[in-house]
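For reference, the structure discussed in these notes is given below.
Any read-out appearing in this document is the output of simple, stated calculations on the displayed coordinates, not a laboratory observation. Every value quoted in this text rests on a predicted model; they were computed, and no experiment measured them. Backbone-built Cβ (ideal geometry, glycine too); neighbour counts: all protein chains shown.
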Amino acid sequence: MGLSIALPDINEIIARLRLRVGFVEIVEFLLRLLVAKPQCVTIVVMGSTREGNNFSVVPLLVGGLARSVLDHGIRYIDAHQILEDNHGILAPVLRHGLVPDRRYRVYQRAL
């Protein structure tokens, strides 16, 4: 089993409001959410069960997500916060051409 969720990047819409706050701006923001076609999506959740990694579910998730994104005219994908030791997710994503620009690690220490 696997799951992949990508949401439009609302930072593009927020930037157009130019830091104005008020009732009109809230209505404008909601209308832009409905009408605007974003150039970037953010992958919020992508993963599979341990059994899914054995059956290559993750490459299918990445491929399906890529096809869906291309069909909607999205140009950029933000796949932030994938841990560097999560090889089950990271390897297929790198194979599809994503270029990492940061490294995320989890450190543990007894209290």
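With N denoting the number of residues in the chain, provide Rg(C-alpha) divided by 2.2 N^0.38 Å, to two decimal places. List each step's numbers first, then the result.
On the way: Rg = 17.3 Å, N = 111, 2.2 N^0.38 = 13.2 Å.
In units of the globular-protein estimate, the chain measures up at 1.31.
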Rounded to the nearest 20 debye, what is the charge dipole size of the chain about its Cα centre when +1 sits on each Lys and Arg Cβ and -1 on each Asp and Glu Cβ?
180
Go ahead and estimate [θ] at 222 nm for the chain from helices alone: -39,500 (n - 2.57) per DSSP H run with n ≥ 4, summed, over the residue count, rounded to 500.
-12500 deg cm²/dmol
Rounded to the nearest 5, what % of DSSP beta bridges with both residues in the chain are antiparallel?
70
So how tilted is helix 57-71 from the main axis of the chain? Cα-based, degrees 0 to 90, rounded to 10.
30
